[in-house]
1. Could you look through the range 65-86, keep only residues that are in contact with a helix residue (DSSP H, G or I) (Cβ under 6 Å, 6 or more places away or on another chain) and not aliphatic (A, V, I, L, M), and pick out the one that is most open to solvent (accessible area, probe 1.4 Å)?
2. Inside the range 96-133, can you point out the residues that are more than 16 Å from the ligand (Cβ to nearest atom) and exposed (fewer than 14 other Cβ atoms within 10 Å of the Cβ)?
3. Where residues in the range 134-144 are more than 13 Å from the ligand (Cβ to nearest atom) and touching a residue at least 40 places away in the same chain (Cβ under 8 Å), which of them is nearest to residue 200 (Cα to Cα)?
4. Test residue 50 against the stated conditions and say whether it is within 16 Å of the ligand (Cβ to nearest atom), more than 16 Å from the chain's Cα centre (by Cα) and over 26 Å from residue 165 (Cβ atoms).
5. Looking only at the range 21-40, filter to residues that are in contact (Cβ under 8 Å) with a residue 40 or more places away in the chain and within 19 Å of residue 170 (Cα to Cα); which one of those is surrounded by the fewest Cβ atoms within 10 Å (Cβ to Cβ)?
6. On the given criteria, is residue 62 more than 17 Å from the chain's Cα centre (by Cα) and surrounded by fewer than 18 Cβ atoms within 10 Å (Cβ to Cβ)?
7. Name the residue, out of 66, 147, 83, 168, that is touching a residue at least 60 places away in the same chain (Cβ under 8 Å) and closer than 22 Å to residue 10 by Cα.
8. What is the one condition in (1) modelled with pLDDT under 95; (2) in contact with a strand residue (DSSP E or B) (Cβ under 6 Å, 6 or more places away or on another chain); (3) open to solvent by 40 Å² or more (accessible area, probe 1.4 Å) that residue 165 does not satisfy?
Amino acid sequence: MKRYVILISGRGSNMESLLDAGLPARCAAVVSNRPDAAGLRLAAARGIDTAVVDHTAHATRDAFDAALAAEIDRHAPDLVLLAGFMRILGDAFVRRHQGRMLNIHPSLLPAFPGIRTHRQALEAGVRVHGCTVHFVTPALDGGPIVAQAAVPVAAGDDESTLAARVLAEEHRLYPRVARWFLEGRLRLEGGRPVLDGEAAPAGALHAPTAG
Ligand code: GRF
């Protein structure tokens, strides 16, 4: 059976949506860079191995990346899923896992990379917002887009109402994409995502709400 590792930094609701999805693989470990991440307790309560690689305990980014890579390697995962993991990873780390590492980002990339995406969207006055699952490459939030889900921005939205609407879509989208990968339907080929033999963008890759 295939194995995956989830990296988190906080609450862990995307992690839970992945664990609840009945993916055709085993979650070998949940790893956090923050010892106080609430998601660690949720994972442990499900009997999943947890580990902390505390970024504050490492003097350099390279040292942190090396410790994180060693922890991940222990579990020999087929797939690494970043789920609310809030550390920037160095090029060497990313290249080492390229093609088998996915991230969920709470905006319709390439709009609004980085943090405070919901505030950025409100300030920009966009009418449509959403989330993106992409393969991780050294460019921050810039890797090949696999799938997106869009939500409307409502009059009167604030950061928290908009975030909640997007988060509900994140919880649908990420398990879907993880399943594609774990079923061998999705891969990165020549820097482009390929689903069922078809290069992106393809109809099936735009997946708002359904399934
Ligand atoms: C999610 O919106 C994720 O996309 C973003 O941070 C949030 C993490 O939430 N990067 P959770 O820890 O998955 O609940």
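1. The extreme case among them is 84.
2. Within the range 96-133, the first condition is being more than 16 Å from the ligand (Cβ to nearest atom), and the residues that meet it are 96-100, 123-128.
123, 124, 125, 127, 128, listed by residue number.
3. Here is the first cut: in the range 134-144, the ones more than 13 Å from the ligand (Cβ to nearest atom) are 135, 137-139, 142-144.
So of that shortlist, the ones also touching a residue at least 40 places away in the same chain (Cβ under 8 Å) come out as 135, 137-138, 143-144.
Working: 135: 12, 137: 17, 138: 20, 143: 13, 144: 9 Å.
That would be 144.
4. So residue 50 fits the description; yes.
5. This residue is 21.
6. On the way: more than 17 Å from the chain's Cα centre (by Cα): yes; surrounded by fewer than 18 Cβ atoms within 10 Å (Cβ to Cβ): yes.
For residue 62, the condition - more than 17 Å from the chain's Cα centre (by Cα) and surrounded by fewer than 18 Cβ atoms within 10 Å (Cβ to Cβ) - is met.
7. Numbers: 66 fails: touching a residue at least 60 places away in the same chain (Cβ under 8 Å); 147 fails: closer than 22 Å to residue 10 by Cα; 168 fails: touching a residue at least 60 places away in the same chain (Cβ under 8 Å).
Criteria check complete, one pass: 83.
8. Looking at each condition in turn, residue 165 falls short on (1).
The values are calculated or read from the model by the stated rules, or taken from the named source; none is laboratory data. Since the structure is predicted, the reported quantities are computational estimates derived from the model, not experimental observations. Cβ atoms come from the backbone with ideal geometry, glycine included; neighbour counts cover every protein chain shown. Calculation scope for accessible area: heavy atoms of the full protein, side chains included, ligands and nucleic acids excluded. Shrake-Rupley method; radii C 1.70, N 1.55, O 1.52, S 1.80 Å.
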